[in-house]
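Here the structure is laid out as structure tokens; the discussion comes afterwards.
The values are calculated or read from the model by the stated rules, or taken from the named source; none is laboratory data. Not measured: the values here are computed from a predicted model. Here Cβ is always computed from backbone atoms with ideal geometry, including for glycine, and neighbour counts include all displayed protein chains. Ligands, DNA and RNA are excluded from the accessible area calculation, which covers all protein heavy atoms including side chains. Shrake-Rupley method; radii C 1.70, N 1.55, O 1.52, S 1.80 Å.
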Amino acid sequence: MLYISVPLGKLVRRVSRLRGGGSALPGLVVEKIDPGFMQRTLSTIPHGVAVVSGTNGKTTTTKMVVELLESQGLKVFTNRTGSNFTRGVAAALLGEVDWRGRLRADVAVLELDEAHATHFVNRVPPRYSLLLNVLRDQLDRFGEIDKTAQLLQHIADKTTGTVVLNREDPRVARIAETLTGQDVQYFGLDDSLLSTFPNDDDMRAAPGSPAPAALPHKPAADVVLRKVGPDTADFEYDGATVTTAMKLRGVYNIFNAAAALTLARSICGGGAATADHATLLTALSQVEPAFGRGESLTVDGQPLDLVLVKNPSGFRLGLKSFPAGGYATMIAINDNYADGRDMSWLWDVEFDSLRDGGVDQLTGSRAYDMALRLQYDDVRICGVQPEIAPALAAFIRDAKGKPKRIFCTYTAMLAIRRELSKITTVEVVS
């Protein structure tokens with residue numbers, strides 16, 4: 001079957017690209033005709049497979065881990081297209097293996113959707129897993145938050161080596177209590193930053209209510225984020241605190257950098273003797289945002305930042321990543337399948353910081369829902385246009401000479417990027 005599936009899959013991949021088709025189609029084909037393709041191919045990798053999953057931050061964190069490991073001289077296979085279902089991984093493999101199905105890589109680092117990760121780990125048990133957070137997101141897909149925690153629990157159970165957990169997310173940290181035999185490492189926050197990165201229970205607690213139950217004993221973390229500056233971050237590990245420059249925008253990305261460092265240190269063996277930490281930090285300082293995740297572009301000589309938002313935590317942290325004033329603001333909310341159909345989560349976001357400057361444009365299929373939500377927070381709205389192309393054109397025209405930021409759901413972000421690619425004065429900065 002091998003000598004049929006790989007050539008056929010590569011042929012489908014080539015034809016799909018010529019026709020502008022989806023990146024996962026070749027993987028779907030090869031999964032149907034050769035179900036053992038992924039397991040057979042990935043089992044040959046010397047350092048095994050690392051899975052990155054969680055509600056927020058998978059794509060950028062995976063990108064960070066890949067670049068950190070590459071700085072240590074490792075050849076890394078990853079699903080760079082961001083297609084994080086099993087068929088997306090299979091499609092990415094088809095692009096890397098030779099005609100005999102051989103993959104030349106030292107380690108695989110894969111971003112996986114929470115639900116589809118459970119199917120993947122049943123077939124390919126990872127040696128490492130990094131579990132970022134559990135937040136209310138796409139309730140129409142996942143149901144309540146404890147269901148998401150169970151999905152991540154299953155990934156951890158199937159991990160054969162090291163499980164890296166978010167110490168500050170109670171539902172993630174408690175996964176350690178049920179593990180048997182796996183090595184557990186944590187990434188965490190300095191106490192002074194806990195209010196900046198609230199977990200799901202913190203965000204939904206009524207004013208004045210007691211804090212949600214924490215772990216009985218706060219475990220030591222391998223990497224702790226101590227301080228976040230405008231373009232720097234302080235991390236503590238191996239008993240010392242180091243400061244590094246950061247190109248990544250958004251406070252949420254900086255916390256995920258602590259997660260990426262913890263996983264990279266685990267894969268390299270951990271400790272100062274097994275990893276070149278100066279090189280690791282240099283690589284971390286050079287990581288740029290993944291496509292659409294905090295990208296900074298230049299339009300007509302002014303910065304335009306794209307901020308992906310898909311749940312209350314992401315939107316809140318996105319708002320915190322900018323000064324309260326001085327920016328022209330656009331919000332683009334779609335409710336397509338990839339965004340999640342249930343937009344009720346918008347009511348769990350506080351938009352007080354937008355009161356002074358207002359919002360210049362609202363767009364997307366849920367533009368009027370967003371307008372209603374902002375009215376309840378007394379945020380001034382200058383324009384509502386559900387069609388993204390004319391809304392973006394008006395936003396850029398009317399905000400000429402001002403820095404801009406666009407908060408957008410996933411499919412809205414894709415549409416905005418397509419429209420921006422048609423503008424000759426757009427330059428990608430990061």
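Go through region 234-273 and give me each residue that's assigned to a helix (DSSP H, G or I) and of a type in the set (D, E, K, R).
Selection gives ARG265 alone.
Given the conditions (1) open to solvent by 40 Å² or more (accessible area, probe 1.4 Å); (2) within 30 Å of VAL65 (Cα to Cα); (3) polar (S, T, N, Q), and given that THR298 satisfies all but one, which numbered condition is not satisfied?
Here THR298 meets the rest and fails (1).
Which ones in region 102-121 are closer than 15 Å to VAL65 by Cβ and open to solvent by 30 Å² or more (accessible area, probe 1.4 Å)?
ASP106, the sole residue that qualifies.
Which residues, counting only those in region 375-386, are out of contact with any Lys or Arg (no Cβ under 8 Å at 6 or more places or on another chain) and surrounded by 13 or more Cβ atoms within 10 Å (Cβ to Cβ)?
Result: ILE381, CYS382, GLY383, VAL384, GLN385, PRO386.
Can you name the condition, by its number, that GLY326 falls short on among (1) farther than 28 Å from THR55 by Cα; (2) touching an Asp or Glu at 6+ places or on another chain (Cβ under 7 Å); (3) of a type in the set (Gly, Ala, Ser)?
All conditions pass for GLY326, except number (2).
Would you check which residues across region 343-370 are within 29 Å of LYS402 (Cα to Cα) and either within 20 Å of the chain's Cα centre (by Cα) or open to solvent by less than 10 Å² (accessible area, probe 1.4 Å) (or both) and list them?
LEU346, VAL349, PHE351, LEU354, GLY358, VAL359, LEU362, THR363, GLY364, ALA367, MET370
Okay, residues lined up against (1) at pLDDT below 90; (2) over 22 Å from THR298 (Cα atoms); (3) of a type in the set (Val, Ile, Thr):
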residue	(1), (2), (3)
ASP356	yes, yes, no
ARG366	no, yes, no
GLN375	no, yes, no
ARG380	no, yes, no
LEU392	no, no, no
ARG397	no, no, no
THR409	no, no, yes
ILE416	no, no, yes
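Out of curiosity, is PHE395 part of a strand (DSSP E or B) and touching a residue at least 12 places away in the same chain (Cβ under 8 Å)?
Working: part of a strand (DSSP E or B): no; touching a residue at least 12 places away in the same chain (Cβ under 8 Å): yes.
The answer is no for PHE395.
Any idea which of GLY340, GLY318 is in a helix (DSSP H, G or I) and open to solvent by less than 10 Å² (accessible area, probe 1.4 Å)?
Testing whether each residue is in a helix (DSSP H, G or I) and open to solvent by less than 10 Å² (accessible area, probe 1.4 Å) leaves just GLY318.
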